[in-house]
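Q: My questions all concern the structure below.
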Amino acid sequence: MVGVDAMGIVRLPSQQQPDNMKTPTSALTEEVTKQNIQPSREATGIVLGVDVHLRSYQVARKVDNLAIGPVQSFRSQTELLLWLERLKARAEQIEVVYEAGPLGYTLYRELRARGINCRVCAPDSSEQKRKRIKTNSIDARALAGRLYSYLNGDERALRLVRIPSMEEERRRLRSRQHDQLVQERKRLAARGNSLLLAAGYGSIKHWWRPKSLERLTAVLEPELQQMLELWVGLLRLLDEKIALAKAALMRRQTEPRPKGLGALSMEQLESELLSWQRYSSGRKIACLTGMIPSQWSTGEAQRLGPITKVGLGPIRRIMVEAVWRMKGFQPHYEPFQKWRAAVEGQNRAHKKKAVVAIGRQLAVDLWRLKTRRVTAQQLKLIMVGGSL
């Protein structure tokens, strides 16, 4: 049988070498073949800043220590993912960052599933506002530069977002949907109230409820009644939907909670926090509420100002409401005893400061309680609900 050796020379069977024998030339040829099969990487690391929109994706790329290259545009997420799959073969490691927004974390999960490191950061347009120039390309390049600085040790270059699990995200969406229904009801109720005010009937709380509407019907003009009827059906439907959503949220709370802090408030608080175990210190919980004082200090001079409000607004609202409700149910809770004079006093400014201070400490104490660092007895809290 005629054979061809590694150099491409035709040999007769008597001239062929055994399979287990390799000449230096044939070994070199195999090595060259292996190198041709496994393409060489063009870069050690590629950093990508992605400006994400519904119908377009702008990507700025920085290869190793080179300057940031031209921004590339993609019309869809699918097109971007296909490009990234090809890019994976050209670099040992790819790092991606984009800003959190209305599109959620779908892109993050898609990239992680493909083995690409991805981070999501909080939006930051401070530099663009300072220069008064903002475009998608500028945003993408800024993201790439900030990610490169972060990877090289500048931890403050990015404010990373904690990515929730699918269950945590669904839980938070249900809580926020309840608040959205309440806000929609307020908006429609205000439209009806505006009609009553314009007609000289004053502002009537819950005017669409059966008893209030029955009293109004006796004195209102027929034309004004017809106009109000346009909102009545919608408002009553919202009442039903809000009641169902509230009951569903309250059913999820099965553990003991401080008396005065309702099941709905506790569920919404935990849905925004995602998990108490995610936080390593009470300081982080306090910062998340946004109820810490702003500060402008230099040298030995220290100046404290109003609260920062940089945390989550829903958490701040829940804590303030909880303070006012718990005031009468938790007489032995130390923050209430400390600030009792201010809370019960007539000075509104002092009262607001006291409520903020109690709310901040309450958030920290709830974290300590949920992570089993302290007991309710040590905090002098009266607990209700669940299996005590």
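The values are calculated or read from the model by the stated rules, or taken from the named source; none is laboratory data. Values in this document were obtained by computation on a predicted structure and should not be read as measured data. In this analysis, Cβ positions are derived from the backbone assuming ideal geometry, glycine residues included, and neighbour counts consider all displayed protein chains.
Q: Does His350 meet the test of being in a loop (DSSP other than H, G, I, E, B) and surrounded by fewer than 18 Cβ atoms within 10 Å (Cβ to Cβ)? Show your work before the answer.
A: Working: in a loop (DSSP other than H, G, I, E, B): no; surrounded by fewer than 18 Cβ atoms within 10 Å (Cβ to Cβ): yes.
When the stated conditions are applied, His350 does not pass them.
Q: Right, something else. Anything in the range 192-229 that is in a helix (DSSP H, G or I) and either within 30 Å of Ile315 (Cβ to Cβ) or polar (S, T, N, Q) (or both)? List them, or say none. Reasoning before the result, please.
A: Kept after step one, since they are in a helix (DSSP H, G or I), are these residues of the range 192-229: 192-198, 210-217, 222-229.
Those that are in a helix (DSSP H, G or I) and either within 30 Å of Ile315 (Cβ to Cβ) or polar (S, T, N, Q) (or both): Asn193, Ser194, Ser212, Thr217, Gln225, Gln226.
Q: Something else now. Can we say Ser194 is of a type in the set (Ser, Thr, Tyr) and farther than 28 Å from Asp124 by Cβ? Walk me through it before giving the result.
A: Working: of a type in the set (Ser, Thr, Tyr): yes; farther than 28 Å from Asp124 by Cβ: yes.
Taking the combined requirement at face value, the residue satisfies it.
Each row is one residue, and each column tells you yes or no for (1) assigned by TED's automatic domain parsing to the domain that holds Ile358; (2) without any contact (Cβ under 8 Å) to a residue 12 or more places away in the chain; (3) surrounded by 14 or more Cβ atoms within 10 Å (Cβ to Cβ); (4) of a type in the set (Phe, Trp, Tyr).
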site	(1), (2), (3), (4)
Leu288	yes, no, yes, no
Pro314	yes, no, yes, no
Arg317	yes, yes, yes, no
His332	yes, no, no, no
Gln346	yes, yes, no, no
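Q: Now for a separate question. Report, by residue number, each residue of the range 281-329 that is of a type in the set (Phe, Trp, Tyr) and part of a loop (DSSP other than H, G, I, E, B).
A: Trp296, Phe329
Q: Being closer than 16 Å to Val52 by Cα, surrounded by fewer than 18 Cβ atoms within 10 Å (Cβ to Cβ) and within 22 Å of the chain's Cα centre (by Cα): is that true of Asp139 here? Steps first, please.
A: On the way: closer than 16 Å to Val52 by Cα: yes; surrounded by fewer than 18 Cβ atoms within 10 Å (Cβ to Cβ): no; within 22 Å of the chain's Cα centre (by Cα): yes.
In short, no.
Q: Between Leu195, Leu224, Leu147, which is over 29 Å from Leu249 (Cα atoms) and modelled with pLDDT of 95 or more?
A: On the way: Leu195 fails: modelled with pLDDT of 95 or more; Leu224 fails: modelled with pLDDT of 95 or more.
Going through Leu195, Leu224, Leu147 in turn, the sole match is Leu147.
Q: Taking the stated definitions as given, is Lys259 touching a Phe, Trp or Tyr at 6+ places or on another chain (Cβ under 9 Å) and in contact (Cβ under 8 Å) with a residue 40 or more places away in the chain? Give the steps one after another, and end with the answer.
A: Values: touching a Phe, Trp or Tyr at 6+ places or on another chain (Cβ under 9 Å): yes; in contact (Cβ under 8 Å) with a residue 40 or more places away in the chain: yes.
Yes; evaluated as a whole, the condition is true for this residue.
Q: So which residues in the range 365-382 are part of a helix (DSSP H, G or I) and either in contact (Cβ under 8 Å) with a residue 40 or more places away in the chain or among the acidic types (Asp, Glu) (or both), if there are any at all?
A: Start the filter on the range 365-382 by keeping residues that are part of a helix (DSSP H, G or I), which leaves 365-370, 376-379.
Across the range 365-382, the qualifying residues are Asp365, Leu366, Trp367, Arg368, Lys370, Ala376, Leu379.
Q: Please work out which residue is surrounded by the fewest Cβ atoms within 10 Å (Cβ to Cβ), limiting yourself to the range 52-68 and to residues that are in contact (Cβ under 8 Å) with a residue 60 or more places away in the chain and part of a loop (DSSP other than H, G, I, E, B).
A: His53
Q: If you go through the range 81-100 one residue at a time, how many are free of Cβ contacts under 8 Å to residues at least 60 places away in the same chain and closer than 21 Å to Leu160 by Cβ?
A: Applying the first criterion (free of Cβ contacts under 8 Å to residues at least 60 places away in the same chain) to the range 81-100 yields 81-96, 98-99.
Next cut, closer than 21 Å to Leu160 by Cβ only: 84, 93-96, 98-99.
Within the range 81-100, residues that are free of Cβ contacts under 8 Å to residues at least 60 places away in the same chain and closer than 21 Å to Leu160 by Cβ number 7.
Q: Now for a separate question. Consider Glu184 carefully, then state whether it is of a type in the set (Asp, Glu) and at pLDDT below 95. Explain how you work it out, then say what you get.
A: Working: of a type in the set (Asp, Glu): yes; at pLDDT below 95: no.
When the stated conditions are applied, Glu184 does not pass them.
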